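Written below as structure tokens is the structure these notes are about.
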Amino acid sequence: MDNLTARIIELSSGVYVIPATTNVGVITNESNSGIEVYLVDSGCTEIDGEYVFDVLKAFFEQLGQTFTLKAIITTHGHADHCGAHIFLREQTGCQVWAAKHEQGAMETPIIQSSVLWGGFPPHELRTLFFMPSSTEVEHFISKDDVIELSGGRKLSFIELKGHSYEALGAIITTKNGHKIIFPGDNIFPRNEIMNHWIPLIMNPVEYMDSLDQLCALENVEWCIPSHGDFLKRNINEAAELNKIAIISTRTCILDSLKSKKRLTVEEIVKYVADKNDMQLSLSQYMLVHSTIKSYIAVMHDAREIRMEVDNNKLYFYLP
């Protein structure tokens, strides 16, 4: 494969990343039966799976080694993270691992589109971007699980709530205590957050707590977000920028309700999008719409926003 060194990048001994639209982690383990490989996520479609598999085959062929794909570790069940699982499992017989509460969306993918739409989704939301191929989860990951790896390394997991139902990050700790983190979509680097100022979030309060958890980890050598640039050592700057984006969206929602006595969700979404100079496509609208509703729900629970049904319309207003 041409330019293989750009297609799989070594982060530490036995830990690599395949840069792509969804960055895929690669963790190797030397066992009595040979080289075992764990992947962190797989990509969105079969094409992504083919690419990842081709990179792995070329990489180990260059080393003169064979490998066994042992398992795919799923950070969360969104399509762009698990859509290629089924291809890789059919090719290799590997297992699929995920947190228990991600199982439903992975095995019944229409759940994801239905959550966004609020009912049975139209065909525009039944594409592979929203509905990956159904994938059975063979092993449930717990935040307490620890896997001993060759070379004195350990693979452990951290629960990172806020983006999805039960998202997890994978942590590889080297023999000397350095850490490489694959946090999924629970942090976005500067280049991503500046281009997607309102990313999909299920619970903004929990998301900010997860950012604090990531920043509290010690001896972080690399943090590899699922999208965009890699973070070397200090992840605090990116975390703060993510928090600013969340605070900005929250403030914008409150400002919309200060501008008028009461608004519908659609009117709030328009206000927030207009203020951020966004021109939304249908798919972008559904993602932002879902995220804004999550903000509103959390703010309503905190008694910052009230709601009422009047003349068969749902309105939100300030106390």
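Only the coordinates and a few stated rules stand behind these numbers; no lab work does. From a predicted model like this one, the values you see are computed outputs, not experimental measurements. Cβ sites come from the backbone with ideal geometry, for glycine too, and all protein chains shown count toward neighbours.
Structure notes:
- Packing-based exposure ordering (other Cβ within 10 Å, fewest first) of His139, His123: His123, His139
- Placing a label point 7 Å from the Cα of Lys143 along the Cα-to-Cβ direction, the residues of segment 151-177 whose backbone N falls under 12 Å from that point are 157-162, 166-169.
- Among the lysines of segment 4-237, pairs at least eight places apart or on separate chains and with Cα atoms under 21 Å apart come to 16.
- For Tyr317, Tyr271, order by how many other beta-carbon atoms lie within 10 Å, fewest first: Tyr317, Tyr271
- When each of the peptides 161-167, 281-287 is scored by how many other beta carbons lie within 10 Å of its residues on average, the order from highest to lowest is 161-167, 281-287.
- C-alpha long axis of helix 46-63 to longest principal axis of the chain, angle in °: 30
- Counting only DSSP beta bridges whose two residues both lie in the chain, roughly 70 percent are antiparallel.
- Gyration tensor verdict on segment 4-237 (Cα atoms; rounded if a/c is under 1.5, prolate if a/b is larger than b/c, oblate otherwise): oblate
- Value of relative contact order over segment 1-114, rounded to a whole percent, pairs C-alpha under 8 Å and six or more apart: 22
- Rounded to the nearest 20 debye, the dipole magnitude of the chain is 900 debye, with +1 charges on Lys and Arg beta carbons, -1 on Asp and Glu beta carbons, and the Cα centre as origin.
- Centroid-to-centroid separation of segment 252-319 and segment 42-76 [C-alpha atoms, Å]: 42
- In this structure the amide hydrogen of Thr75, modeled in the peptide plane, comes within under 5 Å of the amide hydrogens of Asp41, none closer than 5 places in sequence on its chain.
- Relative contact order for the chain, counting Cα pairs under 8 Å that sit 6 or more residues apart, in percent: 12
- Residue-averaged 222 nm ellipticity for the chain, from DSSP H runs of 4+ at -39500 (n - 2.57), nearest 500: -11500 deg cm²/dmol
- Candidates Ile292, Leu4, Asn311 compared by Cα position along the dipole of the chain: farthest toward the positive end lies Asn311, with charges placed on Cβ.
- Net dipole in debye of segment 21-84 [+1 Lys, Arg Cβ; -1 Asp, Glu Cβ; about Cα centre; nearest 20]: 160
- Residues of type aspartates and glutamates that Lys258 reaches as a straight line, Cα spacing below 18 Å, ignoring anything fewer than 8 places off in the same chain: Glu266, Glu267, Asp274, Glu304, Glu308
- Cβ-based exposure ranking for Leu257, Leu125, in which fewest neighbours within 10 Å come first: Leu125, Leu257
- Percent antiparallel among DSSP beta bridges (both partners in segment 1-104, rounded to 5): 60
- Under the convention that each Lys and Arg Cβ holds +1 and each Asp and Glu Cβ holds -1, the size of the dipole of segment 180-282 around its Cα centre is about 520 debye.
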